[in-house]
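To start, the structure under review is shown below, and the notes come after it.
Readers should treat all values here as calculations from the given coordinates under stated rules, not as data from a laboratory. Nothing here was measured: the structure is a model prediction, and the numbers come from that model. Every residue, glycine as well, gets a Cβ built from its backbone with ideal geometry; the counts of neighbours run over all protein chains shown.
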Amino acid sequence: MPDAPKTAVPARTALATFANGCFWCTEAVLEQQPGVLDVTSGYMGGQVDNPTYKQVCGGDTGHAECVQVTFDPSKIGYETLLDWFFRSHDPTTLNRQGADEGTQYRSAIFVHDDEQARLARAAATKAQANFRDPIVTEITPASRFWPAEAYHQDYFRTNPSQGYCRMVIAPKLKKLGLDAK
């Protein structure tokens, strides 16, 4: 009797949530990583339910612009995602990345469990060797994630000729050795 056909077993997935300035840049970097299944731009860490981009940009909600990454841990480890996080921004500037300024642009790792917290602290200690100034990235428990408006999702991919994409995101991707197309 022949063996029964094998069905695909869904990959085990995990979540990682990072804030490191504009979510458009972070999304463009992380969605190119093998094993990353989805990157959603959104907001975390604030006091307002279902915040809008305009509210978050006003700096009064307490939220950070962030990305929530769904990944297959058998193909990419949380440690690798942390490495990309620290390589893709300046974690030594408090509440600022480039021209973006305010608490909504803070550097933060929102951890989903104790193991992520341990790995995030270890990654920050390791990354410190690459910076003269102290790393100010906050490592805090994840709270409710609010997806950003639809026009923010896959922003670089759908708007490659937009000014911010050409002047900020594309050079960042090139510097990191990633596809800027």
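See the values below:
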{"read-out": "Residue 163 being loosely packed, with under 12 Cβ neighbours inside 10 Å and either in contact with an Asp or Glu (Cβ under 9 Å, 6 or more places away or on another chain) or on the phi > 0 side of the Ramachandran plot (or both)", "value": "no"}
{"read-out": "Residues located in region 138-169, provided they are farther than 23 Å from residue 52 by Cβ and touching a Phe, Trp or Tyr at 6+ places or on another chain (Cβ under 8 Å)", "value": "141"}
{"read-out": "First in region 10-31 and under 13 Å from residue 43 (Cβ atoms), second anywhere and in a loop (DSSP other than H, G, I, E, B) and among the basic types (Lys, Arg), Cβ under 8 Å, 6 or more apart", "value": "19/106"}
{"read-out": "Qualifying positions in region 57-109 - under 11 Å from residue 19 (Cβ atoms), of a type in the set (Gly, Ala, Ser) and out of contact with any helix residue (DSSP H, G or I) (no Cβ under 7 Å at 6 or more places or on another chain)", "value": "107, 108"}
{"read-out": "All positions within region 23-34 that are in contact with a Ser or Thr (Cβ under 9 Å, 6 or more places away or on another chain) and either within 21 Å of residue 102 (Cα to Cα) or not hydrophobic (A, V, I, L, M, F, W, C) (or both)", "value": "23, 24, 25, 26, 27, 33"}
{"read-out": "Subset of region 85-114 [closer than 20 Å to residue 15 by Cβ and free of Cβ contacts under 8 Å to residues at least 24 places away in the same chain]", "value": "113, 114"}
